[in-house]
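> Quick one: the structure is below, and I'll ask about it shortly.
The values are calculated or read from the model by the stated rules, or taken from the named source; none is laboratory data. Source: prediction; values computed, not measured. Every residue, glycine among them, receives a Cβ derived from its backbone with ideal geometry; neighbour counts consider all protein chains shown.
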């Protein structure tokens, strides 16, 4: 901001509202814009679609078994076809989005909260505690996440809650390591030292001064991680050790359609496509966020405004 | 070097112990262990007999000591479903997975390094687009979905490849192709990034200034220096490959350790699950140490 003083006055853009600024930046990156719209639709489906379509999605109709997709003479919920019990696939995908998103959101929020807190502690204190925390993270990181989930789910009952816990445990080290590495660098900066000299408590320094600087990075990682956790949950449900029927998730729907692959490909295809589109959108959005939240690279998205970036 | 290797082996051993403790206490403290070891429909008497036989009525610390003692001798007990020692069953399956992982990782490494280097050399070119495309697909598409869709297309639709099982070379193509995608996209990105920064360094400019051709510049001068971050990622991905192996082996009916683990879970054969986890863990720790050695071989500046 300081170097704008040296520019001629006509180059200073009028201060726009921050929310509007972000929307403008999103509009500039068309792919990210589409991704954001799609994510909003999915969230809308998860929040409101599930309770609305619950009845339609569970109503069996044996005459419509494995009904072919794109039959527009039928009700709109049948446009993507019907499943092995004649239940409309479109409605089931909408209903399943609730569980799929709930597990992923839960796992990301829990691992983000725990990982960041531990990372801040490990980064700001140099006591034994941080050593122990880091070694624990090493143990978790050194083992494939799916295998860890497999063994824990074997001993606990597979349910939405347990699935969230298991997935969160495998993702905690990601946030822990990132926030610790960032804190180690930020704590040496001038504004932190100034706060310390002025007598701010450790709590205040960590949460009021350091956390806001680390947070954008963590949000970007969390977006990416959301896609990863979704894929992990889908794999577990697909293998039969995640969410159990009659609850449904997209991964479970793909598994249920597997038996009809040769005769009715759409049973597995659509829920899989839902997974891909959602994770793809999250990846694109995360890429955009990495640029948009980074003050050094932000000009790439603001370039339409003025061209002296 | 030996001192370093000892230190690393010791650190790995501690991690392994952490896993052992975790598994033991999870299996003993989350309810009745006989429900884990015995089939669901086991009678009360057989449960009691099992408790007596395996000392499940002893104090927990005594049990832990015996459990660790057995582990050290690689004695996991008998597989309930297969009437063979669990460790034998697991090792047999492990050979299959090891082959699958080795072939896949070799292909991934070679392809990612070649394509990634060329992509870095011509940023925005065809190879660069291949790199972006694969990394996006690898990060977004669920591998189980790719697997069953490719079965529909290549096995059922076109009839080119067998749907599952082993036997001929053709049986290996689909599993390897599906396993290939995710690590390929990720490693490709790292190769590209690392190469871009190496190619702009002074010694590459010197090489170019004295008139060397592009090929020796990329593959002789730049590559060796760009390899260090790549190797770290290759190690991570080789371990993560086991995630994919669980899914891919199950779908393609491939008799590896991943399928064995899922089968044993569904059949509630706890000794095999335990043995599979431990064998995999040991394999991963051995691989991590090998990667550290490779680091020192590639970069003479690194001395442990």
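> Go through segment B:109-129 and count every residue that is without any contact (Cβ under 8 Å) to a residue 24 or more places away in the chain and in contact with a helix residue (DSSP H, G or I) (Cβ under 8 Å, 6 or more places away or on another chain). Reasoning before the result, please.
First, pick out the residues of segment B:109-129 that are without any contact (Cβ under 8 Å) to a residue 24 or more places away in the chain: B:110, B:114, B:122, B:124-127, B:129.
Still in the running and in contact with a helix residue (DSSP H, G or I) (Cβ under 8 Å, 6 or more places away or on another chain): B:122, B:125, B:127.
Summing the residues that are without any contact (Cβ under 8 Å) to a residue 24 or more places away in the chain and in contact with a helix residue (DSSP H, G or I) (Cβ under 8 Å, 6 or more places away or on another chain) in segment B:109-129 gives 3.
For every residue, the table says whether it meets (1) at pLDDT 80 or above; (2) within 14 Å of another protein chain (Cβ to nearest Cβ).
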position: B:100; (1), (2): yes, no
position: B:107; (1), (2): yes, no
position: B:110; (1), (2): yes, no
position: B:114; (1), (2): yes, no
position: B:134; (1), (2): no, yes
position: B:145; (1), (2): yes, yes
position: B:153; (1), (2): yes, yes
position: B:157; (1), (2): no, yes
position: B:171; (1), (2): no, no
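> For the structure I just gave you, tell me whether residue A:200 is surrounded by fewer than 20 Cβ atoms within 10 Å (Cβ to Cβ) and in a loop (DSSP other than H, G, I, E, B).
Values: surrounded by fewer than 20 Cβ atoms within 10 Å (Cβ to Cβ): yes; in a loop (DSSP other than H, G, I, E, B): yes.
Yes: the conditions hold for residue A:200.
> Out of A:216, A:246, which single residue is out of contact with any helix residue (DSSP H, G or I) (no Cβ under 7 Å at 6 or more places or on another chain) and not in a helix (DSSP H, G or I)? It would help to see each step written out before you state the result.
Working: A:216 fails: not in a helix (DSSP H, G or I).
Of A:216, A:246, the one residue that is out of contact with any helix residue (DSSP H, G or I) (no Cβ under 7 Å at 6 or more places or on another chain) and not in a helix (DSSP H, G or I) is A:246.
> For residues in segment A:138-157 being outside any helix (DSSP H, G or I) and surrounded by fewer than 20 Cβ atoms within 10 Å (Cβ to Cβ), which is nearest to the other protein chains (Cβ to nearest Cβ)?
Filtering segment A:138-157 for residues outside any helix (DSSP H, G or I) gives A:142-144, A:156-157.
Restricting the remaining residues to those that are surrounded by fewer than 20 Cβ atoms within 10 Å (Cβ to Cβ) gives A:156-157.
Numbers: A:156: 6, A:157: 9 Å.
The selected residue is A:156.
> Just one of A:113, A:122 is buried (at least 22 other Cβ atoms within 10 Å of the Cβ) and either in contact with a helix residue (DSSP H, G or I) (Cβ under 9 Å, 6 or more places away or on another chain) or away from every other protein chain (no Cβ under 14 Å) (or both); which is it?
Numbers: A:113 fails: buried (at least 22 other Cβ atoms within 10 Å of the Cβ).
Criteria check complete, one pass: A:122.
> Can you name the number of the only condition in (1) buried (at least 21 other Cβ atoms within 10 Å of the Cβ); (2) more than 14 Å from chain A (Cβ to nearest Cβ); (3) at pLDDT below 80 that residue B:191 fails?
(3)
> Follow-up. Among the residues of segment B:196-219, what is the count of those that are over 25 Å from residue B:292 (Cβ atoms) and assigned to a helix (DSSP H, G or I)?
Total satisfying the criteria: 15.
> Limited to segment A:247-300, what total is found for residues that are farther than 30 Å from residue A:215 by Cβ and either at the interface with chain B (Cβ under 8 Å from one of its Cβ atoms) or without any contact (Cβ under 8 Å) to a residue 24 or more places away in the chain (or both)?
Qualifying residue count for the region: 11.
> Still on this structure, please answer the following. Considering only segment B:260-269, state which residues are within 10 Å of chain A (Cβ to nearest Cβ), surrounded by fewer than 24 Cβ atoms within 10 Å (Cβ to Cβ) and in a helix (DSSP H, G or I).
So the first thing to find is which residues in segment B:260-269 are within 10 Å of chain A (Cβ to nearest Cβ), and the list is B:261-262, B:264-266, B:268.
Imposing the further condition that a residue be surrounded by fewer than 24 Cβ atoms within 10 Å (Cβ to Cβ) reduces the set to B:262, B:265-266, B:268.
Across segment B:260-269, the qualifying residues are B:262, B:265, B:266.
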